[in-house]
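So the structure is just underneath, and the comments pick up after that.
The values are calculated or read from the model by the stated rules, or taken from the named source; none is laboratory data. Treat the numbers as computed from the prediction; the structure is a model and nothing was measured. Virtual Cβ from ideal backbone geometry, glycine too; neighbours counted across all protein chains shown. The protein model used for the area step is the full one, side chains on, heavy atoms only, and it has no ligands, DNA or RNA in it. Shrake-Rupley method; radii C 1.70, N 1.55, O 1.52, S 1.80 Å.
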Amino acid sequence: MTVYENINALVGYALGTGLIEEDDIIYTKNRLLELFNLSGFENQAQAENVPSVKTEELETILAGLISYGSEKGFFEDTGIVSRDLFDTKIMGCLVPPPSVVQKKFMELYKKSPIDATKWFYKFSQDTNYIRRYRISRDVKWQAKTDYGTLDITINLSKPEKDPRDIAAARNAPQSEYPKCLLCKENVGYAGRLNHAARQNHRIIPLRLSGGEWGFQYSPYVYYNEHCIVFSNTHEPMRINRNTFSSLFDFLRLFPHYTIGSNADLPIVGGSILSHNHYQGGNYEFPMARAPIETRISIGGFEDVTAGIVKWPMSVIRISASTPGSLVNLADKILRNWRIYTDEKSFIYSQTNGESHNTITPIARMRNGKFEMDLVLRNNITTNEHPLGLFHPHADLHHIKKENIGLIEVMGLAVLPARLKRELSDLGNALIQRKNIEQDETLSKHAKWVREFSKKYDRIDSSNVDRILKDEVALVFSRVLEDAGVYKRTPEGKDAFMRFVRTFC
């Protein structure tokens with residue numbers, strides 16, 4: 001297709017998805033002509049042509065326009081990062097201004113919060129802020145464990161950077177604007193080699209617990225309607241009473257969503273600790289399905305139902321008809337946990353002036369009641385476990401080495417992209433009875449394979465894929481057990497109750 005045909009196809013895509021209306025066609029075509037330094041179309045028929053375009057054709061259309069832009073020198077093509085910067089610039093020509101998007105959202109919200117979020121999620125995909133064609137490549141499955149069915153995903157939607165991109169980003173001028181990828185100043189921002197372009201990005205303003213916040217979707221969605229709620233002020237992550245109030249305020253606005261916060265300390269926190277934010281979505285996580293196995297009665301909170309959840313990590317669940325008591329109780333539990341030390345369980349609130357105890361909170365509605373899970377976290381390190389005692393231990397790093405953040409705490413594993421190829425090659429090696437000890441890439445899985453192979457009478461092409469998926473899920477359940485501050489042993493349960501008695 002010529003550049004003119006691709007421009008017309010892109011306008012047809014925008015019209016079909018509702019990004020523009022009939023009256024916007026000429027205006028949008030002219031903006032695209034200007035972007036590509038074209039004075040006009042070759043003929044009148046071409047100028048008037050607006051083809052019908054399917055949503056899945058966007059990747060091909062953009063690829064054609066990117067190639068043309070690269071050939072004409074509109075950008076220095078150093079790889080995936082520079083190409084993403086340019087195709088986002090292209091898509092920015094199709095996206096209405098923030099005021100229009102916010103007005104549409106509020107009109108739909110008056111009808112139903114579900115209608116509003118459903119539309120905004122589709123809009124974020126139609127604008128290519130969420131790249132559908134990359135998300136579709138993610139590998140996802142479910143598998144049964146002792147803790148119920150866990151969700152597993154191998155994330156492929158976040159592209160690997162070309163070495164040229166890495167070098168270019170290193171040499172690019174540094175900037176303090178926007179301060180990070182979560183700041184409100186990203187809306188419409190052109191980006192740079194070390195900061196993603198955001199011309200196609202829009203946010204919805206929210207007021208939570210008296211503060212100004214923004215609502216958006218994650219460009220790398222790990223589950224349905226994976227949203228990010230961020231403070232309008234660039235300030236560090238923090239878990240406190242205001243956190244609990246804000247999470248419940250969000251549920252009042254969007255009762256069909258789950259919402260939670262990463263912890264506010266390194267190792268047990270998320271990847272961005274510099275900007276206070278929450279994550280949620282229209283999704284039932286495995287932890288939400290886990291039952292309470294030990295009931296707790298808490299004096300002064302007779303209106304609250306509480307208990308310890310049957311889960312590999314250490315979780316206290318509280319629920320009530322109104323959030324007031326839950327905020328008070330969550331704050332009490334947090335304050336007690338911040339200063340709690342139990343040397344017998346190797347739990348230290350601090351060492352050498354460094355604080356270790358914090359909480360990962362998750363809130364949801366269930367049967368008309370407000371519910372919150374408080375996951376106890378501790379980030380202490382030891383000589384044996386320099387990455388964290390309550391972190392995936394070294395024998396599991398062949399599957400998962402990265403931090404266990406909010407999403408994984410709730411039972412959804414986000415595994416590295418390398419595993420797609422490794423598991424495929426491992427499956428072929430098992431079928432062919434190859435010695436993986438000699439394979440430079442697969443040898444790290446050898447001990448794991450020896451252990452789980454004993455469980456099966458046969459491993460062949462008919463079952464190897466299912467076996468590997470089931471065994472990966474079991475590794476993930478062990479990862480969560482490692483991250484749990486109290487182990488699921490009689491001694492661990494007794495220790496957990498010692499802490500519970502500090503607030504009962």
Note, region 492-504: 3J(HN,Hα) by Karplus (6.51, -1.76, 1.60, θ = phi - 60°), whole Hz, Gly/Pro = x, goes x, 5, 5, 5, 4, 5, 4, 5, 4, 5, 6, 10, 8
Amide H neighbours of residue 201 at under 5 Å, excluding residues fewer than 5 places away on the same chain, with H built from the backbone geometry, are 188
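Answer rounded, prolate or oblate for region 171-221, using the Cα gyration tensor with square roots of eigenvalues a ≥ b ≥ c: rounded when a/c is under 1.5, else prolate when a/b is larger than b/c, else oblate.
Working: a/c = 2.65, a/b = 1.79, b/c = 1.48.
Since a/c reaches 1.5 and a/b is larger than b/c, the shape of region 171-221 is classed as prolate.
List the chymotrypsin sites (Phe, Trp or Tyr not before Pro) in region 321-400 that DSSP assigns to loop (not H, G, I, E or B) and whose Cβ has at most 14 other Cβ atoms within 10 Å. Which are they? Before the final figure, lay out the partial values.
Numbers: sites: 337, 340, 346, 348, 370, 390; in loops: 340, 346, 348, 390.
Passing sites in region 321-400 are 346.
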Taking a crude spin-label model, label points 7 Å out from Cα along the C-beta direction, the residue 80 to residue 401 distance in nm is 1.9
If every Lys and Arg gets +1 and every Asp and Glu gets -1 at its Cβ, then about the Cα centre region 391-440 yields a dipole, in debye to the nearest 20, of 160
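Going highest first, how would you order 96-106, 187-197 by mean Cβ packing within 10 Å? Mind showing how you got there, number by number?
Working: 96-106: 14.3, 187-197: 17.7.
The peptides rank, most packed first, as 187-197, 96-106.
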Given a Förster distance of 56 Å, the FRET efficiency implied by the Cβ-Cβ spacing of residue 185 and residue 458, rounded to the nearest 0.05, works out to 0.45
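Using the Cα centre of the chain as the reference point, and only Cβ charges (+1 on K/R, -1 on D/E), how large is the resulting charge dipole? Debye, rounded to the nearest 20.
In total the dipole reaches around 1240 debye.
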With N residues in region 388-504, Rg(alpha-carbon) / (2.2 N^0.38 Å) equals 1.28
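What do the square roots of 5 times the Cα gyration tensor eigenvalues come to for the chain, in whole Å, largest first, as semi-axes of the equivalent ellipsoid? The partial results should precede the final answer.
Working: eigenvalues 366, 181, 85 Å².
The answer is 43, 30, 21 Å, longest axis first.
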Taking the dipole of the chain about the Cα centre (Lys, Arg +1; Asp, Glu -1; charges at Cβ), the one of 379, 196, 112 that reaches farthest to the positive side is 379
Carbon and sulfur atoms account, in whole percent of the 1.4 Å probe accessible area of the chain, for 48
Amide H proximity to residue 208 below 5 Å, modelled H, separation 5+ or other chain, gives 213
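For the peptides 381-389, 450-458, what is the packing order when you average, over each peptide's residues, the other Cβ atoms within 10 Å and list the highest mean first?
Values: 381-389: 13.7, 450-458: 10.0.
Most protected by this proxy first, the peptides run 381-389, 450-458.
Enter the accessible area per residue of region 1-148 (Å², integer; probe 1.4 Å; all protein chains in place).
For region 1-148, the per-residue accessible area is 52 Å².
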Computed ³J(HN,Hα) along region 474-488: with the Karplus parameters 6.51/-1.76/1.60, θ = phi - 60°, integer Hz and x for glycine or proline, the list is 5, 5, 4, 5, 5, 4, 5, 4, 4, 7, x, 6, 10, 7, 8
Going residue by residue through region 410-423, the Karplus relation 6.51 cos²θ - 1.76 cosθ + 1.60 with θ = phi - 60° gives ³J(HN,Hα) values, rounded to whole Hz and with x marking Gly or Pro, of 7, x, 10, 7, 10, 9, x, 4, 4, 6, 4, 5, 5, 5
Helix-only [θ] at 222 nm, the chain, -39500 (n - 2.57) per DSSP H run of 4+, per residue, nearest 500, equals -11500 deg cm²/dmol
Interchain or sequence-distant (5+) residues whose placed amide H lies within less than 5 Å of the amide H of residue 192 are 197
Between residue 31 and residue 177, Cβ-based FRET efficiency (R0 22 Å, step 0.05) works out to 0.30
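Looking at region 215-262, which trypsin sites (Lys or Arg not before Pro) are DSSP coil and have at most 16 other C-beta atoms within 10 Å of their C-beta?
Details: sites: 238, 241, 252; in loops: 238.
Here the trypsin sites (Lys or Arg not before Pro) that fit, given the DSSP loop and packing criteria, are 238.
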